[in-house]
Amino acid sequence: MELFMSWEIVQGDCLEVMKSYPANHFSCVVTDPPYGISFMGKGWDYCVPGVEYWKECLRVVKPGGYILAMGGTRTVHRLTCAIEDSGFQIRDCLMWIYGSGFPKSHNHFGLEGYGTAIKPAYEPIIMAMKPCDGTFKQNIQKWGQAGINIDECRIEGKWERSTTHRDDIRGGSFIKDSY
């Protein structure tokens with residue numbers, strides 16, 4: 001089977017643009033929808049997209065195709081339920097870990113350093129799949145996709161445990177990269 005990738009940037013309201021595509025058109029949807037936290041008081045981030053939005057994603061994705069949807073730590077439960085309620089099967093939750101950003105609140109109550117939330121350090125990424133058309137094998141024969149080629153995603157390297165537990169307690173890592 002020959003694999004190829006093409007892409008196109010389309011500008012517009014996502015829900016309306018998706019409606020212009022035929023059913024079972026895309027292999028995957030990768031999206032960073034509003035997190036529903038009213039970020040910096042912005043109206044567009046008032047709520048997580050509901051089931052209607054995810055049903056349209058489901059319609060345009062081929063059977064066995066995936067969706068990767070970024071979410072906020074405080075509202076990922078709403079995101080996950082809406083995706084599942086639309087008909088996708090939740091397969092996993094990935095994490096984008098980062099060290100940048102700023103505390104959500106600090107210096108409240110007139111006390112230096114006090115706040116009501118900590119600085120986020122990761123964004124959950126919901127990984128969901130449109131149900132297959134038959135078995136995985138039948139689906140890949142008909143639609144050209146199903147499952148994940150995990151072996152192609154592996155990062156090679158040699159890992160070993162540190163030699164003493166005491167070193168680990170003092171700040172060394174339990175699993176060290178040895179190459």
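The table that follows gives values for the structure above.
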read-out	value
Residues with amide H under 5 Å from that of Arg91, placed H, sequence gap 5 or more	Met127, Ala128, Met129
Simple spin-label estimate for Gln11 and Ile97 in nanometres, 7 Å along Cα-Cβ	3.8 nm
Qualifying chymotrypsin sites (Phe, Trp or Tyr not before Pro) for segment 114-155 [loop in DSSP, other Cβ within 10 Å: at most 16]	Tyr114
Hypothetical label at Ile150: residues of segment 70-101 whose amide nitrogen lies under 11 Å (7 Å Cα-Cβ projection)	none
Within the accessible area of segment 106-157 (1.4 Å probe), percent carbon and sulfur	56 percent
Table column - 3J(HN,Hα) (Hz), segment 13-18, Karplus curve with 6.51, -1.76, 1.60, x for Gly and Pro	5, 4, 4, 5, 5, 4
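The values are calculated or read from the model by the stated rules, or taken from the named source; none is laboratory data. Being a predicted model, the structure only gives us computed values, none of them experimental. For neighbour counting, all protein chains shown are included, and Cβ atoms are generated from backbone atoms with ideal geometry for every residue, glycine included. The accessibility values were calculated without ligands, DNA or RNA, using every heavy atom of the protein model including side chains. Shrake-Rupley method; radii C 1.70, N 1.55, O 1.52, S 1.80 Å.
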